[in-house]
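Written out below as structure tokens is the structure these notes cover.
The values are calculated or read from the model by the stated rules, or taken from the named source; none is laboratory data. As the structure is a prediction and not an experimental result, all values here were calculated from the model. Because the Cβ atoms are built from the backbone with ideal geometry, glycine has one as well, and the counts that use them run over all protein chains shown. These area figures cover heavy atoms from the full protein model, side chains too; ligands, DNA and RNA do not enter into them. Shrake-Rupley method; radii C 1.70, N 1.55, O 1.52, S 1.80 Å.
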Amino acid sequence: MEMRRVGVKVLILITYDVNTETTSGKKRLRDVAKCCVKHGQRVQNSVFECILDRAQYVRVRFQLSKLIDPQKDSLRFYNLGNHYANKVEHIGAKDAHDMGGPLIF
């Protein structure tokens, strides 16, 4: 796994499915989305692309695991490595940002 080398940043795809049939479920959904926004960019409603090193990955995975109800919700983490440019293809609306480039607001 490429992420094991110290300081190496890789593309992690985070996906989640949160049961929103209850008020507490709707709150969990908001909290999970807020956490993901802090670490990456939303590319679909419940899908985020995040460039993370090992420590950041461990931290965000821990934070998200504490937010969900494992009996009702799910999280998935996909490690696309640090050579992800040729692993991601986009077609359609919502242009993606250059994850490796500077963020200008």
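Quick one: dipole size for region 1-84, taken about the Cα centre, charges +1 on Lys/Arg Cβ and -1 on Asp/Glu Cβ, in debye to the nearest 20.
Values: 16 positive and 8 negative charges, 57 e Å.
Dipole of region 1-84, to the nearest 20 debye: 280 debye.
Using a 1.4 Å probe and ignoring any ligands, DNA or RNA, find the accessible area of Arg59 and quote it in Å² to the nearest 10.
For Arg59, solvent-accessible area is about 120 Å².
Please compare each pair in Lys38/Lys66; Lys34/Lys66; Lys34/Lys87; Lys27/Lys72 to a cut-off of 19 Å on the Cα-Cα distance and tell me which ones are over it.
Those over the limit are Lys34/Lys87.
Could you give the length gained by full extension between His90 and Ser65, i.e. 0.36 nm per residue of separation minus their alpha carbon distance, to one decimal place?
The span from His90 to Ser65 would gain 6.2 nm if fully extended.
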